[in-house]
Amino acid sequence: MKKFVYADNAATTQLDMEAFEAMKPFLLSEYGNPSQPYSFSRSAKKALSESRAVIAECIGAQPEEIYFTSGGTESDNWAIKGSALVNEEKRAMITSTLEHHAILRASSAIERLGYPVAYLAPTKEGIITGNILKSEITDNTFLVSVMFANNEIGSIQPISDLSAISHEHGAFFHTDAVQGIGHVPLKVNDYGIDMLSASAHKFHGPRGIGFLYVKNGVPLAPILNGGNQEFGMRAGTQNVPAIVGMAYALKKSCAQLNRNIEYIRSLERILLTELNGHGVLFARNGGDHTLPGLVSLSFPGLSGETILHRLDLKGIAVSTGSACDGQNTEISHVLKAIKLEESRARGTIRISLGDTNDEEDVIIIANAIAEIVKSRG
Ligand code: PLP
């Protein structure tokens with residue numbers, strides 16, 4: 001039987017079986033509402049605070065700096081809208097054209113409310129350098145939001161430089177680390193991060209759960225109003241099973257981080273060596289400093305869409321643009337942002353390898369691509 005090869009781990013990852021087992025009691029028997037005072041809710045309440053502590057430890061934060069959300073999109077929206085709402089004097093925000101739509105569209109939403117937003121253009125490697133930020137930032141900037149690593153091309157940003165420049169101007173620094181958390185070492189204080197968004201389904205946790213890290217003292221208004229959950233900052237009964245699964249998955253990813261990075265980088269090298277061995281012509285996007293396993297490849301003169309569908313027929317799942325835009329045949333805004341010429345952009349696919357892949361997978365992928373390219377897509 002043909003082996004199914006999943007190589008779209010930047011879109012989502014397989015739920016870790018042990019994380020699922022950890023969630024099960026809270027789905028079935030320990031279903032008490034953690035906000036209730038009676039003893040039946042005690043285990044849900046305990047699970048909530050233990051999960052918060054586990055997550056905080058993984059990113060070098062304090063437990064009370066972790067707020068549970070429904071995922072990356074909500075965390076991004078909250079950081080931007082919540083900062084705008086709380087800021088009375090400063091009006092300007094800065095982000096980049098590389099960001100995920102959760103950031104771009106939340107930024108347009110505050111623009112419509114009268115907050116000017118500047119969208120920084122990256123280098124062709126997909127980097128927002130300190131000098132690019134310096135050209136735009138003023139003392140009227142209340143927030144700078146630049147993603148930790150890009151979801152389409154994998155470029156990792158110089159976060160410490162960007163946060164330092166933001167702080168020099170009295171602005172707070174937020175990063176969408178949805179693709180970074182659990183995949184690269186990331187302690188918030190090493191990078192001077194004030195707020196950070198994360199999503200569990202990118203690191204083998206369940207979908208629909210995430211968190212926003214907010215450094216103690218950083219002002220932020222709630223955007224979901226209602227009950228007093230999450231220290232009065234994010235209303236709504238917490239999804240305890242999903243939170244437990246997220247904490248479990250993150251702890252496991254962090255414990256295996258160095259081994260995973262080394263392993264996934266080795267798969268990446270095998271993939272590229274195999275493609276070269278087949279004489280396939282391609283260019284890699286995203287510069288030299290990319291997320292482990294995130295391989296954006298352009299095959300000039302070919303259609304990425306066609307390659308994706310032909311790989312699908314062979315039982316291989318990859319992506320073209322951003323996963324959340326899987327239906328869209330437009331050139332992705334990220335490839336436009338790095339000014340990739342149109343023929344190269346149209347011939348781009350994203351292979352995202354993870355720790356669930358093996359050497360056989362990457363050989364299957366390379367052989368299939370070689371066959372497709374040789375028959376001209
Ligand atoms: N930010 C980035 C960089 C992403 O890659 C994604 C998902 O693809 C999101 C935000 C949205 O996260 P979620 O699916 O948890 O809403």
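General remarks:
- Helices (runs of 4 or more DSSP H) (entirely within segment 177-268) containing at least 3 residues that are farther than 22 Å from Ala19 by Cβ: 188-191, 229-232
- Any chance Glu274 is open to solvent by less than 30 Å² (accessible area, probe 1.4 Å) and touching a residue at least 40 places away in the same chain (Cβ under 8 Å): no
- Segment 111-169 - residue that is of a type in the set (A, V, I, L, M) and assigned to a helix (DSSP H, G or I) and, of those, farthest from Thr95 (Cα to Cα): Ala164
- Pairs where the first residue, in segment 21-43, is under 16 Å from Ala247 (Cα atoms) and the second is of a type in the set (Val, Ile, Thr), C-beta under 6 Å, 6+ apart: Ala22/Val244; Met23/Val244; Phe26/Val240; Phe26/Val244
- Filter result (open to solvent by less than 20 Å² (accessible area, probe 1.4 Å), more than 14 Å from the ligand (Cβ to nearest atom) and over 17 Å from Pro63 (Cα atoms)) within segment 161-216: Leu162, Ser163, Ile165, Ser166, Ala171, Phe173
- Within segment 60-81, the set of residues being in a helix (DSSP H, G or I) and away from the ligand (no atom under 16 Å from the Cβ) comprises Pro63, Glu64, Glu65.
- Counted as qualifying within segment 308-377 are the helices (runs of 4 or more DSSP H) with 3 or more residues that are at pLDDT 95 or above, namely 333-337, 359-374.
- Being within 16 Å of the ligand (Cβ to nearest atom) and β-branched (Val, Ile, Thr) holds for only one residue in Ile132, Ile137, Ile128, and it is Ile128.
Listed here are the residues, each with its yes/no results for (1) under 29 Å from Gly182 (Cα atoms); (2) open to solvent by 40 Å² or more (accessible area, probe 1.4 Å).
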| position | (1), (2) |
| --- | --- |
| Val280 | no, no |
| Gly287 | yes, no |
| Ser296 | yes, no |
| Leu302 | no, no |
| Thr306 | no, yes |
| Ala317 | yes, no |
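- Of all positions in segment 121-137, at least one carries a residue that is open to solvent by 10 Å² or more (accessible area, probe 1.4 Å) and touching a His at 6+ places or on another chain (Cβ under 6 Å).
- Among the candidates Ala53, Ala47, residue that is surrounded by fewer than 18 Cβ atoms within 10 Å (Cβ to Cβ), among the aliphatic types (A, V, I, L, M) and either assigned to a helix (DSSP H, G or I) or within 16 Å of the ligand (Cβ to nearest atom) (or both): Ala53
The values are calculated or read from the model by the stated rules, or taken from the named source; none is laboratory data. Just so it is clear, the model here is predicted, and its values are computed rather than measured. So basically every Cβ, Gly included, is an ideal-geometry build from the backbone, and we count neighbours across all protein chains shown. Each accessible area value is taken on the protein alone, full model and side chains, heavy atoms only, with ligands, DNA and RNA left out. Shrake-Rupley method; radii C 1.70, N 1.55, O 1.52, S 1.80 Å.
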